[in-house]
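The values are calculated or read from the model by the stated rules, or taken from the named source; none is laboratory data. In this text, all values refer to a predicted model and were calculated from it rather than measured experimentally. Positions of Cβ are generated from backbone atoms using ideal geometry, with glycine treated the same way; all protein chains shown enter the neighbour counts.
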Amino acid sequence: MEKIRVELEERSYYIYIGNGILDGIGEKAGGFGFTHHIALISNPTVFALYGARVMKSLESAGFTVSEVIIPDGEQYKDFMWVNYIMGELLKLRLDRKSAIVALGGGVVGDIACFAASIYMRGIACIQVPTTLLSQVDSSVGGKTGVNHFLGKNMIGTFYQPSLVWIDIDTLHTLDEREFRAGMAEVIKYGVIRDAEFFEYLKTHKKAIDSCQPEQLLHVVKRSCEIKADVVSEDERESGIRAILNYGHTIGHAIESITGYTRFLHGEAVAMGMCHAAELARLSGLLDEGTVQDVSNMIKAYHLPVSSPEDLRPDMIIESMQIDKKAVAGSLRFVLPDKIGSVRIVNGLSDDLIRKSLIYKG
Ligand SMILES: NC(=O)c1ccc[n+]([C@@H]2O[C@H](COP(=O)([O-])OP(=O)(O)OC[C@H]3O[C@@H](n4cnc5c(N)ncnc54)[C@H](O)[C@@H]3O)[C@@H](O)[C@H]2O)c1
Ligand SMILES: [Zn+2]
């Protein structure tokens, strides 16, 4: 089992990553001094697959576990379901020293830890992420939240978990498309912070693609290390944490125009990363060969390298402008200047952005 510390002073915690470690969650949670009653928040899909094992493990460690099940889907990551969870927690009489265990992908993790952050002004939460995206991204770093009809992820808190427990074995039941989408965030870590890891993803592609445990473990571990490092430096995204948004400015626009239904988040980010690499080239930061390296990597993991024909560059630019207004900031891009290094760039002309959106990979 691998162990990574997320260094955040009194909010520091560990991420544990292993193969088949799901049954060990109870013993680990037992060492935290939580009161005996734990709420296990999950959705029907994940609960059917792994709920019994997690419950048994927690019960063997002396906890009384009550499940709180929310429906499966991004559309349920909203206030109505937060309110539902609050009601269940109150009925269960969870107290301030109780804990919530979030078992599932990023949707469950985001809403469950948001609920934990506001129930009685904050009780402990434990993340047990079961999708690749949640294992390498959403479960680490303490961003929690829900969607509002006026904006995605607009309501939330910074609230660090007490522990993140990652069993990479759970990825075997994950839909292939979801797995590939998670790989987009993994590739992102290589581009923004670690050229050696980027190389590793190239040379071990076959093993990673077929979920070989040793390589998969390395992929999840290295991704978590990079995210943990960045978050330790800038917990609340006042500076460097923004580099995690590489590929996301354009990616979010693509998701938004297509109503969040046509592409998975990782797929949109994959396109966004290629367009951003091209934008870096057009801005004189990156050579053509490296743009190609990025897009070859995206292709190798069966992800799309450019936005579809029917999304005209102007539509994407307009959507980014609206997004920019929503957060009262300026249109900024995270652009690579080589593999393993990025910078944050403001004030690029619409013309240059438009040209980068014509890139076809
Ligand atoms: N908090 C953050 O920092 C952060 C970062 C990135 C994304 N997010 C959020 O994460 C969410 C997306 O997360 P996601 O991609 O994990 O999607 P998800 O939680 O919707 O999971 C995808 C699908 O896989 C199913 N599933 C989960 N684990 C499974 C398993 N092991 N086997 C079989 N099926 C399984 C789920 O039930 C769901 O149907 C979005 O809401 C996004 O906003 C948050
Ligand atoms: Zn993302």
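Contact list please: Cβ distance under 8 Å, first residue in region 138-167 and at pLDDT below 95 and basic (Lys, Arg), second residue part of a loop (DSSP other than H, G, I, E, B) and more than 8 Å from ligand 1 (Cβ to nearest atom), pairs at least six apart or on different chains. If the second residue must be part of a loop (DSSP other than H, G, I, E, B) and more than 8 Å from ligand 1 (Cβ to nearest atom), the pairs left are LYS152/TYR260.
If the condition is being more than 15 Å from ligand 1 (Cβ to nearest atom), small (Gly, Ala, Ser) and closer than 13 Å to LEU357 by Cα, then region 257-284 contributes ALA276, ALA277, ALA280. Identification of helices (runs of 4 or more DSSP H) wholly contained in region 1-111 with 1 or more residues that are farther than 21 Å from SER134 by Cβ and of a type in the set (A, V, I, L, M, F, W, C) yields 79-91. Residue pairs whose Cβ atoms lie under 8 Å apart, sitting 6 or more positions apart in sequence or on different chains, and linking a residue in region 240-262 that is at positive phi to a partner that is more than 10 Å from ligand 1 (Cβ to nearest atom) and not in a helix (DSSP H, G or I), are GLY247/VAL334.
Okay, residues lined up against (1) buried (at least 21 other Cβ atoms within 10 Å of the Cβ); (2) of a type in the set (A, V, I, L, M, F, W, C); (3) away from ligand 1 (no atom under 13 Å from the Cβ):
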{"residue": "GLU185", "(1), (2), (3)": "yes, no, no"}
{"residue": "ASP234", "(1), (2), (3)": "no, no, yes"}
{"residue": "ARG241", "(1), (2), (3)": "no, no, no"}
{"residue": "GLY247", "(1), (2), (3)": "yes, no, no"}
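What do you reckon, is HIS172 farther than 26 Å from MET273 by Cβ, surrounded by fewer than 21 Cβ atoms within 10 Å (Cβ to Cβ) and at pLDDT below 95? Against the criterion (farther than 26 Å from MET273 by Cβ, surrounded by fewer than 21 Cβ atoms within 10 Å (Cβ to Cβ) and at pLDDT below 95), HIS172 does not qualify. Screening region 342-357 for residues that are surrounded by fewer than 16 Cβ atoms within 10 Å (Cβ to Cβ) and of a type in the set (Gly, Ala, Ser) and picking the one that is nearest to ARG193 (Cα to Cα) gives GLY347.
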